[in-house]
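The values are calculated or read from the model by the stated rules, or taken from the named source; none is laboratory data. Computed from a prediction, not measured in an experiment: that's the story for all the values here. When we count neighbours, we look across all protein chains shown, and the Cβ atoms used for this are built from the backbone with ideal geometry, even at glycine. Each accessible area value is taken on the protein alone, full model and side chains, heavy atoms only, with ligands, DNA and RNA left out. Shrake-Rupley method; radii C 1.70, N 1.55, O 1.52, S 1.80 Å.
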Amino acid sequence: CEEIFNSLDGFTDSIRVFQNDLRGPMRLACSDSFAATVLQPALTDFMTQHPYVAPQIQLGGSDQIKDLVLRKETDVGIIVQQGDLTKFDRTTLITSRFCLVKSPAVKFSSPGDHIIIARHSKDSFSKRFLDCYPQHYGEAIERYLLLPSWLVCKCYALKGAGQAILPEFMVEEELKRGLLAKVRCKVPMAKIRLCAVTKKGRSIPLNAS
């Protein structure tokens, strides 16, 4: 948690020099998972400090967000740092690690039982987890629940519907409160980086008057 909020504090500090007259729309694009967790407290604090700024949040996956940034339909995108980012300037905001979590109220026979994953690309950790699982447990995961986002995966895990593969920053609070518990698993858990991206060579509009 400390690493996450230090990163976000640094992002806020980078524009704090303009705090006396910052105003107008602030256009951001990110996933619903990020918007509902880390961004919410940071944005609430920012709006208290800058009452004349009107944040406008668009939601989408990383590929959609990159398109919005390139078309200048949003000023800053927050995405998973993967794939081709040569057209973007970027700043790493969060480095986290994936984990397997479940409700402590339910028991499963193995780490591959009732797996819940978010929609995945060929580069995603969810895909790698499914590919690597047989090497460590001798059998493939034939069935899993595929959901549209990490946020929805977390909701299902909280209800006891299965074991979700999620970044730790998504479940820090639930782990602390005992609402979710980590599952021990032989498959190595990869790191994930979230970064803020802007179109290469384009400065972030300050919307100051």
Lys87, Lys127, reordered so the largest accessible area comes first (probe 1.4 Å): Lys87, Lys127
Sequence of Glu172, Glu142, Glu73 when ordered by accessible area, the most exposed leading, probe 1.4 angstrom: Glu142, Glu73, Glu172
Whole-angstrom gap from the range 110-143 to the range 51-96, using each part's C-alpha centre: 28 Å
Listed residues Ser62, Ser96 arranged by accessible area, highest first, probe 1.4 Å: Ser62, Ser96
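What is the sum of charges, Lys and Arg at +1 and Asp and Glu at -1, for the other residues whose Cβ falls under 14 Å from the Cβ of Val152?
Local charge sum for Val152: +2.
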For Phe88, net neighbour charge (Lys/Arg +1, Asp/Glu -1) across residues whose Cβ lies under 12 Å away: +3
Amide hydrogen neighbours beyond the local backbone of Gln58, cut-off 5 Å, H modeled: Leu28, Ala29, Cys30
Whole-Hz ³J(HN,Hα) from phi, Karplus 6.51 cos²θ - 1.76 cosθ + 1.60, for the range 64-74, glycine and proline x: 4, 5, 4, 5, 4, 5, 5, 7, 6, 8, 8
For the range 84-187: rounded, prolate or oblate by the Cα gyration tensor [a/c cutoff 1.5]: oblate
In Hz, Karplus ³J(HN,Hα) per residue of the range 168-174 (6.51, -1.76, 1.60; θ = phi - 60°; x = Gly, Pro): 4, 5, 6, 10, 4, 5, 5
Theoretical ellipticity at 222 nm over the chain - DSSP helices of four or more residues, -39500 (n - 2.57) apiece, nearest 500: -9500 deg cm²/dmol
Carbon and sulfur %, accessible surface of the chain computed with the full protein complex present, 1.4 Å: 50 percent
Solvent-accessible heavy-atom area per residue, rounded to whole Å², over the chain at 1.4 Å: 54 Å²
Total charge dipole magnitude, the range 106-187, about the Cα centre, Cβ charges on Lys, Arg, Asp, Glu only, Debye to nearest 20: 100 debye
Lys/Arg +1, Asp/Glu -1 at C-beta; the chain dipole; positive extreme among Leu179, Ala118, Leu151: Ala118
Amide proton proximity set for Phe88, modelled H, under 5 Å, gap of 5+: Lys200
Coarse-grained scattering of the range 31-80 at q = 0.16, 0.29, 0.30 Å⁻¹, given as base-10 log I(q)/I(0) from a Debye sum over alpha-carbon atoms: -0.49, -1.11, -1.14
Cα-based shape type of the range 96-142, given that a ≥ b ≥ c are square roots of the gyration tensor eigenvalues and the cut on a/c is 1.5: oblate
Helix 39-49 axis, angle to the chain major axis (alpha carbon atoms, nearest 10°): 20 degrees
Rg/Rh (Cα only; Kirkwood hydrodynamic radius) as it applies to the chain: 1.01
Relative contact order (percent, whole number), the range 29-106, Cα cutoff 8 Å, 6+ residue spacing: 34 percent
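Quick check on my link table: of Lys102/Lys127; Lys66/Lys159; Lys87/Lys176, which ones sit more than 31 Å apart, alpha carbon to alpha carbon?
Numbers: Lys102/Lys127 19 Å; Lys66/Lys159 33 Å; Lys87/Lys176 39 Å.
Violating the 31 Å Cα-Cα cut-off are Lys66/Lys159; Lys87/Lys176.
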On Cα atoms only, tilt of 2-13 relative to the major axis of the chain in degrees: 20 degrees
The chain, dipole about Cα centre (Lys/Arg Cβ +1, Asp/Glu Cβ -1), debye to the nearest 20: 380 debye
Dipole-positive endmost among Pro25, Ile165, Gln56 within the chain (Cβ charges, Cα centre): Ile165
